[in-house]
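The values are calculated or read from the model by the stated rules, or taken from the named source; none is laboratory data. Small disclaimer: the values here were computed from a predicted structure and weren't measured. Backbone-built Cβ (ideal geometry, glycine too); neighbour counts: all protein chains shown.
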Amino acid sequence: MRIDKQQLIERFLADGELDKAEQADQLPDQIDPAEHHAALKALGVDPGLLLTQTANLEEQPPGDA
């Protein structure tokens, strides 16, 4: 499963972490957690947790997010 880079950037921006948002912008548009594991860890992101959170958001009906 790949993660949309924009979702990660928006998460950092919402948390006020502008430096991390800029660093995340250097990743490909579709992030493969296995392939980009080290880069995600460097940003303080747990790739496994990120996958779980992203999957949960995608499963919710519109308006429930």
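Selection of the stretch 1-32 for residues being under 15 Å from PRO47 (Cα atoms), surrounded by 15 or more Cβ atoms within 10 Å (Cβ to Cβ) and hydrophobic (A, V, I, L, M, F, W, C) yields ILE3, LEU8, ILE9, PHE12, ALA24, LEU27, ILE31. Here LEU27 meets the list (1) modelled with pLDDT of 95 or more; (2) more than 11 Å from the chain's Cα centre (by Cα); (3) outside any helix (DSSP H, G or I); (4) at negative phi almost entirely, failing just condition (2).
List the pairs whose first member sits in the stretch 23-35 and is over 14 Å from GLY48 (Cβ atoms), whose second member is part of a loop (DSSP other than H, G, I, E, B) and of a type in the set (Lys, Arg), and whose Cβ atoms are under 6 Å apart, counting only residues at least 6 apart or on separate chains? Listed by first residue and then by second, the contacts come to GLN30/ARG2. Summed over the stretch 1-24, residues that are in contact with a Leu (Cβ under 8 Å, 6 or more places away or on another chain) and either on the phi > 0 side of the Ramachandran plot or in a loop (DSSP other than H, G, I, E, B) (or both) total 1. Within the stretch 36-54, being surrounded by fewer than 12 Cβ atoms within 10 Å (Cβ to Cβ) and outside any helix (DSSP H, G or I) holds for one residue alone: GLY44. Kindly indicate whether GLY16 is out of contact with any strand residue (DSSP E or B) (no Cβ under 6 Å at 6 or more places or on another chain) and modelled with pLDDT of 90 or more. Answer is yes for this residue.
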